[in-house]
Each structure stands twice: as C-alpha cells, then as structure tokens.
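Student: To start, I am sharing the structure in question, which I have written as structure tokens.
The values are calculated or read from the model by the stated rules, or taken from the named source; none is laboratory data. Values in this document were obtained by computation on a predicted structure and should not be read as measured data. Every residue, glycine among them, receives a Cβ derived from its backbone with ideal geometry; neighbour counts consider all protein chains shown.
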C-alpha cells in the first residue's frame, strides 16, 4: 500500500509537497474539516493530494458519533473533486462492502485491493527482489528468511535489503546469523516443547529468552497466542481447509503456517486447550500479585515434565 501511494505521487507530481500534500486521520477531524481539505485548490502546483486514513465511515468501526456527522456530503465531495485534487482513501482494514457509500466511491474512482500474497507469490516476489539487487539466494535460505520475517511485508523488504548489502550470494548460514529469530518463533518453539513434555528443550529456550531480558508476562501472552493459533489451524484442518484457505482465513503468512503445521499433527486439541487454561490462570495470579512473575513462569514450565 505504501509503494502504491508512492507510485501515485510519481503519477501526480506535487510541486511544493509541504503545501500540496496532506495526510489526515478521519477519526480526528470532523466531516466538514475533511470536506474543506478535499475542496482546496493546489498552491502553485498542478496537483494537490489529500490522503485520508482510518475511514471509519466505510467500515463497521463505531469510533465516532455518525449521527452528528455529514458523511453523505463528505462522500459526495470525494466523488466530485476537481481534476487537480487527488483524493486517496488509505484503508488498512476491511471496508464494509454492504455500505452504499463504499459502492459509490468504488464506482466514482479507482480502487486497489491488497490481500496478503499466497506462498507461491510471496516466494516469487522475494526472489525477484534479490534478483533486482543482483544477489543470489539459496532456496533453503529464502525459506528461512520468509519464516523469520513474519507477517510484515515491510520487515521482509528491510531484511532483504540488509542481506543484499551483506553479500552477492546468500546462504542458509547468512540468514541464520543476520536475520533475528522473532519472539513469536521462540514462543512457538517453547509451546511445541511443552506439548512434547521435553523439559530439557523447554528450559533451554526459556533461559535463552531470559538472557535477552524478555518480560515473563509478555512471554506468557505470546505462548497463549501461539497455542490459540495452533488450535485454530488444527480445527480448520479437520474441517477440510487447505493451506491457502487457512492462511487467508487467519490472515497469516503462508510460510509461518507451513512452520506451524510441521508438528501440529502430533498434538491433541485437548492438550492445547489445557495449556491455554493453565497459562490464563498463571497470568491472573501474577497480575494479582499472588506469585512472582519469574518464579511463577519457571514453576509452570518445570511442572509440565510429567506424563500426559
């Protein structure tokens, strides 16, 4: 989306950008103020660009009192702007396609929809990015990069730029050394070890995280999130969803999904739910001051060494 916006700036060049480019959060301005902005003429420039973010009136968001807002007039102003005014609605969330206002705006202007790319598109796009920078990367190194970069396309781009500056040929060891393992991956490895009752592995990961000054309460939340994701993936798999459908339904990086599914067949739904419940109880005890957060987490981890 950011790249497309940059492309629009090139398509509609702005002279004196400080005076002819404005970005407004629709939640912070009244409709009349927004109408004034999209009705203003350029200042010594062929074009003027107004970017409206968080358009609550096109979604199901209830952050404002819409009864007191003249939304119809705002949408009408957006649909009838002067040719010199480029109005961009920058909606990071999903639009409510049931609303007449959404349909009216789509009909009046150009729309660009950005979904998360599937595994094949993501792989091809990333490989092409390395090729454009005259850098070669091994298949296993590229797979690990996409696993560690997580769901953020911006993070993938930044890591790609860093690796291309490092060398013209990238191998698996380079990615392992230069691309940090995200906390989510550590949390998932920890939950896997918990489900397998592998105490040695559990403590190794835990002590490594403590050396990095990870906050126990945050780690508990991350572990619970990993377990919920694992539960959802297994449930959707049982219902017959394929990888692409699960990735789209959970809005998940397909490479992260592939990593999660590697071990998921070995775990039972009841075990996952039991761990989530135990983590919830531990979190509550820590926040009530009934137990020290470090001691509580370590006791929880070591207590799971018994059988199923």
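Student: Is the range 22-40 home to any residue that is more than 18 Å from residue 73 (Cβ to Cβ), over 31 Å from the mean Cα position of the chain (by Cα) and assigned by TED's automatic domain parsing to the domain that holds residue 75?
Tutor: No: the range 22-40 contains no residue that is more than 18 Å from residue 73 (Cβ to Cβ), over 31 Å from the mean Cα position of the chain (by Cα) and assigned by TED's automatic domain parsing to the domain that holds residue 75.
Student: Hey, can you tell me all the residues within the range 192-233 that are more than 21 Å from the chain's Cα centre (by Cα) and within 20 Å of residue 252 (Cα to Cα)?
Tutor: 192
Student: Is it the case that some residue within the range 281-299 is buried (at least 18 other Cβ atoms within 10 Å of the Cβ) and free of Cβ contacts under 8 Å to residues at least 60 places away in the same chain?
Tutor: Checked against the condition, which is being buried (at least 18 other Cβ atoms within 10 Å of the Cβ) and free of Cβ contacts under 8 Å to residues at least 60 places away in the same chain, the range 281-299 yields no hits at all.
Student: Starting from residues that are buried (at least 22 other Cβ atoms within 10 Å of the Cβ) and under 15 Å from residue 169 (Cα atoms), keep the ones in the range 134-150 and report whichever is modelled with the lowest pLDDT.
Tutor: Among residues in the range 134-150 that are buried (at least 22 other Cβ atoms within 10 Å of the Cβ) and under 15 Å from residue 169 (Cα atoms), the one modelled with the lowest pLDDT is 145.
Student: Kindly evaluate residue 124 against the criterion of being outside the structural domain of residue 270 (by TED's automatic domain parsing), farther than 30 Å from residue 271 by Cβ and touching a helix residue (DSSP H, G or I) at 6+ places or on another chain (Cβ under 8 Å).
Tutor: For residue 124, the condition - outside the structural domain of residue 270 (by TED's automatic domain parsing), farther than 30 Å from residue 271 by Cβ and touching a helix residue (DSSP H, G or I) at 6+ places or on another chain (Cβ under 8 Å) - is not met.
Residue-by-condition table, conditions (1) in contact (Cβ under 8 Å) with a residue 60 or more places away in the chain; (2) within 23 Å of residue 265 (Cα to Cα); (3) part of a helix (DSSP H, G or I):
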{"site": "131", "(1), (2), (3)": "no, no, yes"}
{"site": "156", "(1), (2), (3)": "no, no, yes"}
{"site": "160", "(1), (2), (3)": "no, no, yes"}
{"site": "163", "(1), (2), (3)": "no, no, yes"}
{"site": "205", "(1), (2), (3)": "no, yes, yes"}
{"site": "213", "(1), (2), (3)": "no, no, no"}
{"site": "227", "(1), (2), (3)": "no, yes, yes"}
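Student: Also, quick follow-up: For residue 107, work out the one condition from (1) more than 30 Å from residue 40 (Cα to Cα); (2) surrounded by fewer than 19 Cβ atoms within 10 Å (Cβ to Cβ) it doesn't fulfil.
Tutor: With (1) more than 30 Å from residue 40 (Cα to Cα); (2) surrounded by fewer than 19 Cβ atoms within 10 Å (Cβ to Cβ) applied to residue 107, the lone miss is (1).
Student: Is it true that residue 231 is in the same structural domain as residue 279 (by TED's automatic domain parsing) and modelled with pLDDT of 90 or more?
Tutor: It is true that residue 231 is in the same structural domain as residue 279 (by TED's automatic domain parsing) and modelled with pLDDT of 90 or more.
Student: A further question on this structure: Within the range 44-69, which residues are exposed (fewer than 14 other Cβ atoms within 10 Å of the Cβ) and either in contact with a helix residue (DSSP H, G or I) (Cβ under 6 Å, 6 or more places away or on another chain) or modelled with pLDDT under 85 (or both)?
Tutor: 60, 62, 63, 65, 66, 67, 68
Residue by residue, here is whether (1) in contact with a helix residue (DSSP H, G or I) (Cβ under 8 Å, 6 or more places away or on another chain); (2) at negative phi; (3) surrounded by fewer than 20 Cβ atoms within 10 Å (Cβ to Cβ) holds:
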{"residue": "204", "(1), (2), (3)": "no, yes, yes"}
{"residue": "223", "(1), (2), (3)": "yes, yes, no"}
{"residue": "251", "(1), (2), (3)": "no, no, yes"}
{"residue": "269", "(1), (2), (3)": "yes, yes, yes"}
